[in-house]
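A.B. asks: Next up is a structure, given as structure tokens.
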Amino acid sequence: MPAKINSQLAIRRPRVNLETINIVSLADLNQASSSEFSARVGSVFEGSPWIAEAGWLRRPFGELGGLHASLCAIVREAGTDQQLALIRAHPDLVGRAALAGTLTPASISEQAAAGLDRLSPAEIEKFQKYNQAYREKFGFPFVICARLNKKEAILKGFEMRLAHTREEEIRVALEEIYKIAYLRLQDMVKP
């Protein structure tokens with residue numbers, strides 16, 4: 001992960017509820033079987049256990065940054081169809097899953113860190129309109145690292161990113177996913 005992003009993540013890193021996360025050491029991950037590794041790391045990339053499965057083959061990892069870089073490389077090396085499936089695995093911000101309470105524990109905590117669990121009805125409607133416009137234009141959900149943003153910045157992000165081309169937005173969405181993954185790894189892996 002580039003130093004600029006690492007410093008941003010280290011400064012503004014609200015933690016998720018650790019009661020919902022099984023913390024594991026990097027040494028234990030390096031010694032884990034394929035199924036154990038996938039069970040531990042599979043949730044780092046939303047709904048995409050194939051990344052952890054491929055990551056197991058790249059062990060051992062000397063540090064958390066190396067694990068993260070390796071997992072991100074797997075995504076970068078994947079075809080467009082797999083990358084789009086990864087993006088599409090993410091829930092809409094303040095979408096149906098959030099309102100119905102069916103998000104993953106990590107997504108619930110991440111959206112709450114951005115204040116998205118405390119919106120007025122008018123704000124919810126605004127998010128839903130942006131979600132719909134975004135999906136209609138790009139064919140996948142708007143992805144942003146909610147833990148590094150607040151609702152105002154996320155709404156501005158919608159406005160800015162709706163002006164992107166589809167190719168630009170795929171790249172930006174993946175970069176946001178890499179940030180999400182890094183923070184999730186920080187929460188679950190100890191040195």
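Rule-based calculations on the coordinates, nothing more; no lab input. Source: prediction; values computed, not measured. As a convention, Cβ positions derive from the backbone with ideal geometry for all residues, glycine included, and neighbour counts pool all protein chains shown.
A.B. asks: Look at K190 and say whether it is over 16 Å from the mean Cα position of the chain (by Cα) and touching a residue at least 40 places away in the same chain (Cβ under 8 Å).
C.D. replies: Yes: the conditions hold for K190.
A.B. asks: (1) surrounded by fewer than 20 Cβ atoms within 10 Å (Cβ to Cβ); (2) part of a loop (DSSP other than H, G, I, E, B): which one isn't true of V143, the others all being true?
C.D. replies: Of the numbered conditions (1) surrounded by fewer than 20 Cβ atoms within 10 Å (Cβ to Cβ); (2) part of a loop (DSSP other than H, G, I, E, B), the odd one out for V143 is (1).
A.B. asks: Next up: Hey, does region 33-46 have a residue that's outside any helix (DSSP H, G or I), charged (D, E, K, R), within 14 Å of the chain's Cα centre (by Cα) and crowded, with 16+ Cβ neighbours inside 10 Å? Even if it seems obvious, please write down each step before you answer.
C.D. replies: Step one: list which residues in region 33-46 are outside any helix (DSSP H, G or I), which gives 33, 42-46.
Next, from what is left, pick out any that are charged (D, E, K, R): 46.
Filter again for within 14 Å of the chain's Cα centre (by Cα), leaving 46.
When the remaining residues are screened for being crowded, with 16+ Cβ neighbours inside 10 Å, the result is 46.
There is at least one residue in region 33-46 that is outside any helix (DSSP H, G or I), charged (D, E, K, R), within 14 Å of the chain's Cα centre (by Cα) and crowded, with 16+ Cβ neighbours inside 10 Å.
A.B. asks: Moving on. Starting from residues that are without any contact (Cβ under 8 Å) to a residue 60 or more places away in the chain and either among the polar types (S, T, N, Q) or touching a helix residue (DSSP H, G or I) at 6+ places or on another chain (Cβ under 9 Å) (or both), keep the ones in region 86-95 and report whichever is surrounded by the most Cβ atoms within 10 Å (Cβ to Cβ).
C.D. replies: So, considering only residues that are without any contact (Cβ under 8 Å) to a residue 60 or more places away in the chain and either among the polar types (S, T, N, Q) or touching a helix residue (DSSP H, G or I) at 6+ places or on another chain (Cβ under 9 Å) (or both), the one surrounded by the most Cβ atoms within 10 Å (Cβ to Cβ) is V94.
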